[in-house]
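What follows is calculated from the coordinates using simple rules that are stated; it is not laboratory data. Owing to the predicted nature of the structure, the values given are computational and were not obtained by experimental measurement. We place every Cβ from the backbone using ideal geometry, glycine too, and count neighbours over all the protein chains shown.
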Amino acid sequence: MAINQELKTLVAQRILPNVQTPAQYLGGELNAVVKDHRTVRGKVCLCLPDMYSIGMSHHGLQVLYDAMNRRSDWACERVFAPARDMEQKLRELGVPLYSLETFTPLSHFDVVGFSLQYELSYTNVLTVLDLGGIPLRAEDRDLEDPLVIAGGPCAQNPEPMSRFIDLFVLGDGEESLPAVCDAWLEARSTACSREEALLLLARRFPWAYVPRLYRREIQPSTGLAAVFPREDTVPGLIVPAILTEFAEYPLPRAPIVPYVEVVQDRISLEIMRGCPWRCRFCQSTTIKRPLRYRPVEKLVEAAWEAYRNTGTSEIALLSLSSSDYPLFDQLVRELKRVFDPVRVAISVPSLRVNEQLRVVTELLSPERHSGLTLAPEVALDDMRQQIGKPIRNEDLIEGCKRAFQKGFQRVKLYFLCGLPGEREADLAGIVDLAEEISRLARPYLGRPATVVANVSNFVPKPHTPYQWQAMQRREYFAAAHQFLRRRCRMRSLEIKCHSIESSLVEGMLTRGDWRMGQAIELAWHRGARFDGWTDQFNPQIWWEVFHELGLSPEEYIHRRWDTDALLPWDHIAIRQGRAYLEREHQRSAAQLVQLVGTQA
């Protein structure tokens, strides 16, 4: 039988009646792929370590699920982090965490793969491993245990999770995931030990990082540990995998349709990978290169087939900057021609603020989605030059004006707070710009538009030109948030500031070395779960753990480093190279001096 009926019956009768949203643990959704394990060579279970509603909204998971299940010799299944009530029931009854497709315990898979999208989901990885019957620490697993792999943006600094992950896959996963799955079966069949099998993989793939094959040395200049290979046969610098045939690589034609409400219930079309811009605060623009596009005809064909297989009433055009897709106008017009008759909406979650915004708003329809989402990041043009985001307020204003003329009623704006060189004028400009946009709508709507200004706290990320910068302290962020709220004068404007404590913990985890793994494990044992959820996050757990382990925020996040210092993630390469980051850092510093001089 393909499905473990005994386990499924037990879960259905003893557990699901006693937890919230039980359908998220049931499987059996439209387009889910169920294979008989007796007919395949290998079994892989993919996990985005968050709730089902988040994981099922992630396009990358659907892409990898489709890539593996198009192969007849592999079965690919899914698992998500169970909510606290589900975790409790599983532990009470001694029931292992299982895959949604076949109710197979995770320990029975050959490979378990995690997509690490956000640092505050790290403790959920431990929950999944522990409930799945897999030893938490990589060193405690033997040859018969599943290979535990991880990828995603957080793998750009793999050190905080290095004690739990056997192998990190850097870069694009469409071709690297099948390759590492096949290689693991081969290595496991010939190796005498788990370490020998992992060594075979590390030698074979330049994009595979196996933490146990490397040593750590504390650097006097930073107080943090840099990473070096233990032997010459493994790479000293891990390079990202690149999907060179991106334009021809098939999109999912039958994405899974969730049983329950999810955050993004839509057909996702990744129209472009990479970003043509070089914003200095943005990690994605450095790790997603090179820039690649899909042709219009393939996108429209894939969208129509996905619609026929799902009935979903919205199509989202995904990329880091969708309106920079070179055939954007043609694509949107063709999609509208095909999908307007069946009342399917076209949405663009990532519009760039430039002169094209004036045209883009003419193409989009407010009938199904009355809001526009834009990310100016900062409010003043001279600060944008310093952060490397060459957009102008006049384009933003004109684009919003045309959107209101078409009937759009809401605008959501994303800003950053705490950037290097930030002035009071930059904070005041956030409110002033948002209120100006709100007033623009009065001639067209008869009232000011609803504007939501989402303000995030800047975290200097690895592999960005700002990776050497210090993060602001909580006192600075608290004062900045208070300033923004007090300056707000219009009821139509809502200022939403991101949690300071979660940003600081995120900073510790994203900039940490291997010692952060001990903090993650201890915080998990003390109850840390779903730290990315406001109602679940308990910062006191983290600060107590950091203090006990001697992991000082002064060293990890509030200290500025020299550009010649070796950092915990310098063994992970980006396509442009570290020298590019150093040049951009120096250019930013020069512009920052000019910015401060202008202010004086």
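Dividing the alpha-carbon Rg of the chain by 2.2 N^0.38 Å yields what?
Against the empirical 2.2 N^0.38 Å value, I get 0.97 for the chain.
Restricting to DSSP H runs of at least four residues, report the calculated mean residue ellipticity at 222 nm for the chain, -39500 (n - 2.57) per run over all residues, nearest 500 deg cm²/dmol. Walk me through the intermediate numbers first.
On the way: 21 runs with 219 residues, N = 600.
Value at 222 nm, helices only, nearest 500: -11000 deg cm²/dmol.
Arg560 to Val263: FRET efficiency via 1/(1 + (r/R0)^6), r the Cβ-Cβ distance, R0 41 Å, to the nearest 0.05? The partial results should precede the final answer.
Values: r = 36 Å, r/R0 = 0.88.
Rounded to the nearest 0.05, the efficiency is 0.70.
Let me check I've understood the local charge: for Thr123, count other residues with C-beta under 14 angstrom from its C-beta, Lys and Arg +1, Asp and Glu -1. What total comes out?
My count for the surroundings of Thr123 gives -3.
State the Cα centre-to-centre distance between region 198-269 and region 1-39 in whole Å.
Centre-to-centre distance over Cα atoms comes out at 30 Å.
Compute the relative contact order of the chain as a whole-number percentage, counting only Cα pairs closer than 8 Å that sit 6 or more residues apart in sequence. Don't skip to the end; give the middle numbers.
Numbers: 1115 pairs, mean separation 84.1, N = 600.
That works out to 14 percent.
Sequence gap at least 6, Cα distance under 8 Å: using those rules, report the relative contact order of region 105-203 to the nearest whole percent. Show your work: numbers first, answer last.
Numbers: 122 pairs, mean separation 26.5, N = 99.
In percent, rounded to a whole number, it is 27.
Kindly identify region 266-350 as rounded, prolate or oblate by the Cα gyration tensor criterion: order the square roots of the eigenvalues as a ≥ b ≥ c, call it rounded if a/c is under 1.5, otherwise compare a/b with b/c, prolate if a/b is larger, else oblate. Please report the intermediate quantities before stating the final value.
Working: a/c = 2.36, a/b = 2.10, b/c = 1.12.
Verdict is prolate for region 266-350.
Give the calculated FRET efficiency between Ala478 and Asp382 to the nearest 0.05, with a Förster radius of 25 Å applied to their Cβ-Cβ distance.
Details: r = 26 Å, r/R0 = 1.03.
Working from the Cβ atoms, E equals 0.45.
Based on the Cβ-Cβ distance of Glu582 and Trp277, what FRET efficiency does E = 1/(1 + (r/R0)^6) give at R0 = 25 Å, to the nearest 0.05? The partial results should precede the final answer.
Working: r = 19 Å, r/R0 = 0.77.
According to the calculation, E is roughly 0.85.
Only Lys, Arg, Asp and Glu count, each charged at its Cβ (+1, +1, -1, -1), so figure out the dipole size of the chain about its Cα centre, rounded to 20 debye.
Values: 72 positive and 76 negative charges, 306 e Å.
Taking the Cα centre of the chain as origin, the dipole is about 1480 debye.
Would you mind checking the pairs Lys8/Lys43; Lys412/Lys461; Lys389/Lys496; Lys288/Lys389; Lys288/Lys406; Lys89/Lys496 and listing those with alpha carbons more than 27 angstrom apart?
Values: Lys8/Lys43 19 Å; Lys412/Lys461 24 Å; Lys389/Lys496 22 Å; Lys288/Lys389 17 Å; Lys288/Lys406 34 Å; Lys89/Lys496 36 Å.
The answer is Lys288/Lys406; Lys89/Lys496.
What share of the DSSP beta bridges in region 266-350 is antiparallel, in percent to the nearest 5?
20 percent
How many nm separate the modelled label positions at Val239 and Arg575, each set 7 Å beyond the Cα in the direction of the Cβ?
Result for the modelled spin labels: 1.3 nm.
Can you list which of the trypsin sites (Lys or Arg not before Pro) found in region 168-252 are DSSP loop residues with at most 16 other C-beta atoms within 10 Å?
Working: sites: Arg188, Arg194, Arg203, Arg204, Arg212, Arg215, Arg216, Arg230; in loops: Arg230.
For trypsin sites (Lys or Arg not before Pro) across region 168-252 that sit outside H, G, I, E and B with at most 16 neighbouring Cβ atoms in 10 Å, the list reads Arg230.
Any cysteines in the chain with zero other Cys Cβ atoms under 4.7 Å from their Cβ? List them, or say none.
Cys45, Cys47, Cys76, Cys154, Cys181, Cys192, Cys275, Cys400, Cys417, Cys488, Cys497
With a point put 7 Å past each Cα toward its Cβ, work out how far Arg91 is from His525 in nm, to one decimal.
Simple spin-label model gives 1.3 nm for this pair.
Of the beta bridges DSSP finds with both residues in the chain, what % are antiparallel, to the nearest 5?
On the way: 11 of 57 bridges.
Counting only bridges with both partners in the chain, antiparallel ones make up about 20 percent.
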